[in-house]
1. According to the Kirkwood expression over distinct Cα-Cα pairs, how big is the hydrodynamic radius of the stretch 9-137, in Å?
2. Simple spin-label model, 7 Å along Cα-to-Cβ: residue 610 to residue 405 in nm?
3. Averaging sequence separations of C-alpha pairs under 8 Å and six or more residues apart, then dividing by the length of the stretch 85-130, give the relative contact order as a whole percent.
4. Given all pairs of different Cα atoms, what value in angstroms does the Kirkwood hydrodynamic radius of the chain take?
5. For the chain, what relative contact order do you get, as a whole percent, if you take Cα pairs closer than 8 Å and at least 6 residues apart?
6. Using alpha-carbon positions, what is the distance between the centroids of the stretch 325-386 and the stretch 523-542, in Å?
7. Relative to the first principal axis of the alpha-carbon coordinates of the chain, what is the inclination of helix 67-88, with its axis defined by its Cα atoms, in degrees from 0 to 90 and to the nearest 10?
8. Mind checking the angle between helix 415-435 and the chain's longest principal axis? C-alpha axes, 0 to 90 degrees, to the nearest 10.
Ligand SMILES: *Cc1c(COP(=O)(O)O)cnc(C)c1O
């Protein structure tokens, strides 16, 4: 066996494929965050961060936010657009807006706006609460606030209030009657609205959210409805208010061809609108710019078959070509890229606290003279396995196992013999697995052995709170141990969380060319074993729920800092939910619960079932648990 190296660790976990340059491995085998993409200078040692978190008595699991990655992604997006526009002779500008729904945390929105200030980066809202946030946060008068989603009068009124504050708030019309309401309200409030049209394109997206486009899409106006809107606007003398054309064909578009399709169609509609006499200024390509979570550069739903550069070139070039052909001015380009900006900046760190071998192979199978032939035959297979007798051995063993169970049901095999057959079968599987490296071709059915032979590692977190999409839509996220990467991982594992839900597990992992069902990890020792789930910054951070009343996680926000000896500083701790907080959110009253418990304990004391001293201790203990973190206290 070749000696294990850091490079081998990077290859095993495909860190260079999905990491976008933000992650590396130190010589000591610790996972590194590299705020300067691809450069190890200024890298932050994640184990050092965890040590500091632990020293501050912050309990795991934690969410760690790398604020530098947020800034870098905003810069990457804006600069790529600016460079491509310049190189291609595109006459318009680029302005981005951040769709708040992708990560509503104030610190995230603030950081993006701050990094985006030089580019007049704005916000997109999809609901009243999001618009309330956008109005308060997006104070740059040059930046756009784009208002999407279904709208009632209050939502529209909030948008118009933004106009009164001197902001560029654009109401995107998703349904015809919204336009009527908007014009009426604007009239009442005596303010000029800024209006956008969201088109329902015939072109569909690709990947999981393909149905956000196409005829059955939930949002947007058909071309006929857009034409009707124009008549309405003309009748009311409000044609000049229409400023923006928009479509959004779904998040995580996996295939670049669908982006091209949508752009061609969208650009022609845009040109048509200009020719109808609308004084348009912005072409808004929506979201959908995907993230390659598994690094396979494929159209797998967790991957994308294009780069940021490819995406931007297509947007700019197609729009330029169509505008030039139609002889209209180049509009400013707007994108609503949320996933691309936020995915990289956060991860969940949890600790493995226990394991379970799913397969038991230590039952005594020593031959006895009178044993049934099936047992001896099974033992014979185990002894004969080699690189040549490989797949056939598996077939023979599976056959015997089957026969043995039939035999057991008919009373031919004893309990002891059945136990021996099953144990030998698993020993055969383990031996086949060990031989895998030495055979040229491992048949598909034997690849499934990974899954069956894997150990289960229990991690202190809830999938439903921290990575809901791994459960809901089989989203694959990169998972890497953050220490011991200088040692060979020797155990194939699946992960289980601490919810009492059999769905609370992860058994799909990054691998190339295809995902795998078990992840190589290290055996557990007496030292804590930490693993990180990465790329959780888009949607995952904020979509989790309180399954089993496991609450929000403790959070730390870190920045790289050259002048600090550890290369980073923790700017902020945000404490996660305590038990009493999650209980309160479910309508319990923890204070009166504690009081009730005290009374019940007192009653026990009165009945002489409990010494008074112990009852006080138990009451205090109950109260302390109410004030504690909802996750396991392992240390
Ligand atoms: C969700 C959403 C986005 C964000 O899409 P990403 O793929 O995360 O960039 C953008 N625009 C609209 C209208 C959305 O609904």
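Since every read-out is calculated from the coordinates, none of them should be taken as a lab result. Everything numeric here is computed off the predicted structure, so don't read it as measured data. Here the Cβ positions follow ideal geometry from the backbone for every residue, glycine too, while neighbour counts run over all protein chains shown.
1. Result for the stretch 9-137 stands at 17.1 Å.
2. The two pseudo-label positions are separated by 4.9 nm.
3. Result for the stretch 85-130 is 45 percent.
4. It works out to 28.0 Å.
5. 16 percent
6. Using only Cα atoms to place each centre, the spacing works out to 16 Å.
7. 50 degrees
8. Relative to the chain, helix 415-435 is tipped by roughly 60 degrees.
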